[in-house]
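The values are calculated or read from the model by the stated rules, or taken from the named source; none is laboratory data. Owing to the predicted nature of the structure, the values given are computational and were not obtained by experimental measurement. Counting neighbours? That spans all protein chains shown, and the Cβs are built from the backbone with ideal geometry, glycine included. Accessible surface is based on the protein model in full, side chains and every heavy atom, while ligands, DNA and RNA are left aside. Shrake-Rupley method; radii C 1.70, N 1.55, O 1.52, S 1.80 Å.
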Amino acid sequence: MPPLDALRAIHDELWDAARGMDRYAPGVVPGIDIAPFDLHSVRETALGAFLDLEDGNVGRAVVAIRNVLTLQYRDSDWPWSGTFPVTAEQADPPGAAAVEWVHYDPNWRQFVGCILAMCLIHHESSLPASTVGDIEAALLRCVHGEPETRIAPWYTNPNLMHAWLLGHVGALRDDDALIAASEGRRALIVERFERHGDIDEYNSPTYDGIDLWALGLWATHPPTDAFQATGEAIIERMAERISVLFHPRFGTTAGPYIRAYGLQPQRYVSLAGLCTHLAGEPADAVLPATLDPDTVHVHDLYFLPVLSRVATAFTGRLDLAPVTGERHREQRFTRSIAESLLRPELAVGWERGRRHEASLDQYVPFSAHVLVGGEPTVLGVMVPPETAWVDVERAGDLEFSVRAGGRDGTVGVRFVGDREMELTDDGLAIGPVRVRFDHPPADIAESTTPVGRAVDVSWNTSEATAHLLVDT
């Protein structure tokens, strides 16, 4: 079934007519039985409404939009002013005791705001005048509620969305102050991009898709001429990088990944997979073969209609050609260096020098996708909670050293892969990839996750080193 038809079936199955919203899909939190909680997702309800508008199901879309609008936090001095709860059932933030990301998600201003704006851009004439007016009021709350310095300069995806939303609302209301604010944010984003040569959310299977969506809005619905020009310039650089790093045999780009939920696009829905599918890659090569409410990370499939609307901004720039020779790419940021190596039978990526705290559990400083005898093997290095940083350096052609620094005298490395890993006398092995430890670990714990197998190795020391060999 084509992904868009699968999304229609999922939306129909999860739609709760009594509540007028989409239920949370089991695949959003795999392994946890959410059915007794009967939760309703705010962002996916808004995305489902856009799909309904695209399909002419205006009545259901209006019900969904009105229920989403009702849940928006009203203007206040609190840091959640103008954002939306993640679910309809989420309790209001508990005042001064509220914790960001726990009691409220500030980025829902940008996500839901941009989705609602797209509903007006493409379908305003189909909507009742009262709904149009209420969406416009909600968009104003989104931009007014965002604290000016809340979004860090390196936090690419909400910055891109918020810059566009500021300008879009400013143009809609003929508000010079909002347009000036959007231009100021756009200029800071562009300055940082030009300094580094790429976006901070470098090579992320999830956030590349959000960034391309936001930049697609810059390019196809620009609040000012400058948005179109700079949006196209950033897309061009991102497309160049994706084209070099994409390996069709594995359906993904080579690492390293600043943020990833998994290493195989066939195991979970990724926005990068949706983008490469829109650019012509077969769905079963870049997305799970089965797309239903139980598919891991299925909520990202809801982005397919809004991505499709801006896809002309990036699909023509992507050249997802087979890897017939050797490709190498190096990306330098202020303190870190990311490198990727592709050959017909492998895709390897590694990084050193990165020091950050945000979403460290999704950071993949080393990954290897290897074909031996036509069978793929995948291994990645990730960062468990007791570890503060990981540096990976190339020590030979396909030899790498992994050095990890820990917290409070303990350090660990998480190895993730697509199959069971064999423990050896001095390390572990998975297919053609061998890992050797400098010192015997204090503990080794194996587990199975929704996106692959994992082995957590820990030492009672402040630093530890492992050595990887990819044998092709």
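Looking at G167, G184, G197, which one is of a type in the set (G, A, S), open to solvent by less than 30 Å² (accessible area, probe 1.4 Å) and more than 23 Å from the chain's Cα centre (by Cα)?
Answer to the selection: G167.
If only one of D471, D408 is free of Cβ contacts under 8 Å to residues at least 24 places away in the same chain, of a type in the set (D, E, K, R) and open to solvent by 70 Å² or more (accessible area, probe 1.4 Å), which one is it?
Of the residues listed, the single one that is free of Cβ contacts under 8 Å to residues at least 24 places away in the same chain, of a type in the set (D, E, K, R) and open to solvent by 70 Å² or more (accessible area, probe 1.4 Å) is D408.
Can you tell me which of (1) touching a residue at least 24 places away in the same chain (Cβ under 8 Å); (2) in a helix (DSSP H, G or I) is the one A137 doesn't meet?
(1)
Please go through the range 387-405 and give me each residue that is open to solvent by 50 Å² or more (accessible area, probe 1.4 Å), over 17 Å from A254 (Cα atoms) and not small (G, A, S), ordered by number.
The answer is R403, and nothing else.
Can you confirm whether G452 is under 19 Å from D361 (Cβ atoms) and in contact (Cβ under 8 Å) with a residue 60 or more places away in the chain? Quick ask: steps written out before the conclusion?
Working: under 19 Å from D361 (Cβ atoms): yes; in contact (Cβ under 8 Å) with a residue 60 or more places away in the chain: yes.
Against the criterion (under 19 Å from D361 (Cβ atoms) and in contact (Cβ under 8 Å) with a residue 60 or more places away in the chain), G452 qualifies.
Take the conditions open to solvent by 40 Å² or more (accessible area, probe 1.4 Å), at pLDDT 95 or above, not charged (D, E, K, R) and not in a loop (DSSP other than H, G, I, E, B) and apply them to A233. Does it pass?
yes
Is at least one residue of the range 201-216 more than 16 Å from the chain's Cα centre (by Cα) and of a type in the set (A, V, I, L, M)?
no
How many of the residues in the range 313-332 are closer than 18 Å to I199 by Cβ and either aliphatic (A, V, I, L, M) or open to solvent by 30 Å² or more (accessible area, probe 1.4 Å) (or both)?
5
Touching a helix residue (DSSP H, G or I) at 6+ places or on another chain (Cβ under 7 Å), closer than 23 Å to F366 by Cβ and in contact (Cβ under 8 Å) with a residue 12 or more places away in the chain: does that describe H328?
no
If I filter the range 190-228 down to residues being part of a loop (DSSP other than H, G, I, E, B) and β-branched (V, I, T), which single residue comes out as nearest to A180 (Cα to Cα)? Outline the logic, then answer.
Residues of the range 190-228 part of a loop (DSSP other than H, G, I, E, B): 197-206, 221-224.
Narrowing further to those that are β-branched (V, I, T): 199, 206, 224.
Numbers: I199: 23, T206: 30, T224: 10 Å.
Residue satisfying both the conditions and the ranking: T224.
For the range 48-67, give me each residue that is of a type in the set (V, I, T) and closer than 16 Å to A18 by Cβ. Outline the logic, then answer.
Restricting attention to the range 48-67, the residues satisfying the condition of being of a type in the set (V, I, T) are 58, 62-63, 65.
Passing the criteria: only V63.
Against the definition (open to solvent by less than 10 Å² (accessible area, probe 1.4 Å) and among the charged types (D, E, K, R)), how does R241 come out, yes or no?
yes
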